[in-house]
Amino acid sequence: MPGQKGLAVPGPTNMPFAVRQAMDLPLEDHRAPGFPDLVVPLLADLKKVFLTETGQVFLFPGSGTGGWESALANTLSPGDTVLAAVFGQFSHLWVDMCRRFGLNVHAIETPWGQGIPLDAYEAALRADTTHQIKAVLVCHNETATGVTSDVAAVRRILDDTGHPALLFVDGVSSIASIEFRMEEWGVDVAVSGSQKGFMLPTGLTIVGVSQKALSMADTAQLPRCFFDYRDMVKMNAQGYFPYTPATTLLRGLRASVDLLLEEGIENVWARHNRLARGVRAAVSGWGLSLCAQEPQWYSDTVSAIMVPDRFDANEVIQIAYHRYNLSLGAGLSKVAGKVFRIGHLGDLNEIMVMQYLGGVELAMRDAGIAFTSGAGVGAAVDVLSDTVAAQRIAAE
Ligand SMILES: Cc1ncc(COP(=O)(O)O)c(C=O)c1O
């Protein structure tokens, strides 16, 4: 099909040209004397993206799922209890992994479309006077439903109840896109991957680990080898890795971290918020609803949009893909056929968002969903042009 392909899924995301260019180089010797010149500053600069001063960031060949595994395997022992909530496919999968590792999971089933049930977390932690719960899991941005949860509030609950459990956060679709403060929120393991906010191909597990979590590695009994933080600590200190690193991706990551820091991490968050508000205005303009039930949970990186009852969201996705060369995210598991998702994260600007929204209008029209042509696009124009103008004026 002629023309560019639209990639509006919530990861993999669009790759900036500078990142692609940075990866167009011959393979290199990862044990070369000069290799630490890449690694040491890169690991230091990643801390500025995670916003941690005392923690360490590790890079494994892998994906976000590997980050989940590293958090469990380095800090816990078989039979340990973890507290978690299931409110979408990714929070479900992390809990499933905990069970496969032989952990005792106190899983709070939560309606899909809602976020972390803070009251239930507080009740469980207060009731746990003997501190059986060793880790609290939070899926910061549930990509399946477009729901962002309040990690800072979970930290407050841990502090208020004086509970010593570790705090693990899945930041796969939040870190490097929406507000995430590892140090301030007392996060012990922050999990991410390369193919979302970091704007790279899939292939890196990126984890931020607190000193408290690191100190558990000697006593934790779960089996681990590939993801052992202790091996990373030793080798990273000299600017190397315990095994062959994904050198090309590291070069790309250098370029992507440069872009993020150049823009300023808070400006990156603000851009995602502005673009997300444009998408949400379009959804209202179409007369449709988000899967996220309340504004407090609206995600600035992905919107899961409910189609009217008698329609199949997969048909919209199929039409968008085959007729208009636009990839939209599918509904997963419980919400399959009920929602389509627009990913709005990574290397993205107003024009790209307008392109996606126009594509969605074309596909929904063909699928027979009733709405006034341009209602969503027009609503987004009002929000995005207003905010861009407002920013310009503020800067003048
Ligand atoms: C919130 C969340 N957690 C975890 C994962 C799993 O990450 P990966 O597919 O990189 O293993 C994803 C993937 O989309 C995700 O969105």
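Laboratory data are not the source of any read-out in this text; all were calculated from the coordinates shown. Computed from a predicted model, the values in this text were never measured in an experiment. FYI the Cβ positions are ideal-geometry reconstructions off the backbone, even for glycines, and counts take in every protein chain you see.
Numbers for the structure displayed
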{"quantity": "Charge dipole of the chain about the Cα centre (unit charges at C-beta), most positive-ward option of Q211, F311, W94", "calculated": "F311"}
{"quantity": "Stretch gain in nm, segment E184-K5, where the contour uses 0.36 nm per residue and the Cα spacing is subtracted", "calculated": "60.5 nm"}
{"quantity": "Dimensionless Rg/Rh of segment 177-311 - Kirkwood Rh, Rg from C-alpha atoms", "calculated": "1.07"}
{"quantity": "Amide H contacts of G203 (H built 1.01 Å from N, under 5 Å, at least 5 apart or other chain)", "calculated": "G62, S194, Q195"}
{"quantity": "Charge dipole magnitude, Cβ of K and R +1, D and E -1 - segment 1-74, Cα centre, debye nearest 20", "calculated": "240 debye"}
{"quantity": "Volume of the Cα convex hull of segment 17-263, divided per residue and given in Å³", "calculated": "113 Å³"}
{"quantity": "For peptides 338-350, 248-260, sequence by mean Cβ density within 10 Å, most packed first", "calculated": "338-350, 248-260"}
{"quantity": "Relative contact order of the chain, defined on C-alpha pairs under 8 angstrom at six or more residues apart (%)", "calculated": "23 percent"}
{"quantity": "Convex hull volume per residue for segment 40-142, taking Cα atoms only, in Å³", "calculated": "127 Å³"}
{"quantity": "Lys/Arg +1, Asp/Glu -1 at C-beta; segment 17-263 dipole; positive extreme among N236, A44, A124", "calculated": "N236"}
{"quantity": "A237-R310 FRET efficiency (beta carbon distance; Förster radius 51 Å; 0.05 resolution)", "calculated": "0.25"}
{"quantity": "Check: segment 17-263 dipole with +1 on Lys, Arg Cβ and -1 on Asp, Glu Cβ, in debye", "calculated": "440 debye"}
{"quantity": "Under 12 Å from K334, Cα to Cα: aspartates and glutamates that are on another chain or at least 8 residues apart", "calculated": "none"}
{"quantity": "For segment 16-164, size of Cβ-based charge dipole, Lys and Arg +1, Asp and Glu -1, in debye", "calculated": "120 debye"}
{"quantity": "Cross-link partners of K338 among aspartates and glutamates (Cα-Cα below 15 Å; sequence separation of 8 or more within a chain)", "calculated": "D309, D312, E315"}
{"quantity": "Positive-end residue, the chain charge dipole about Cα centroid, Cβ charges, pick of M1, P295, V191", "calculated": "M1"}
{"quantity": "Exceeding the 24 Å Cα-Cα cut-off - candidates K47/K234; K212/K234; K5/K47; K48/K234", "calculated": "K5/K47"}
{"quantity": "Using alpha carbons only: equivalent-ellipsoid semi-axes of segment 185-241, gyration tensor based, whole Å", "calculated": "21, 15, 12"}
{"quantity": "DSSP-defined antiparallel bridges as percent of all bridges, segment 74-184, nearest 5", "calculated": "10 percent"}
{"quantity": "Segment T219-F17, length gained on full extension (0.36 nm per residue, minus Cα span)", "calculated": "68.2 nm"}
{"quantity": "Centroid-to-centroid separation of segment 129-205 and segment 1-63 [C-alpha atoms, Å]", "calculated": "21 Å"}
{"quantity": "Sites I351 and S284 - FRET efficiency at Förster radius 22 Å, r taken between beta-carbons, to 0.05", "calculated": "0.55"}
{"quantity": "From the C-alpha gyration tensor of segment 277-388, square roots of 5λ in Å", "calculated": "20, 16, 14"}
{"quantity": "Nearest-0.05 FRET efficiency for D366 and M97, computed from C-beta distance (R0 35 Å)", "calculated": "0.35"}
{"quantity": "Added length on full extension, which subtracts the Cα-Cα distance from 0.36 nm per residue, D258 to D159", "calculated": "32.2 nm"}
{"quantity": "Ranked by how many other beta carbons lie within 10 Å on average, peptides 81-88, 309-316, 22-29, 142-149 from highest", "calculated": "142-149, 81-88, 309-316, 22-29"}
{"quantity": "Label-point separation in nm, A336 to K48, each point 7 Å along Cα→Cβ", "calculated": "4.4 nm"}
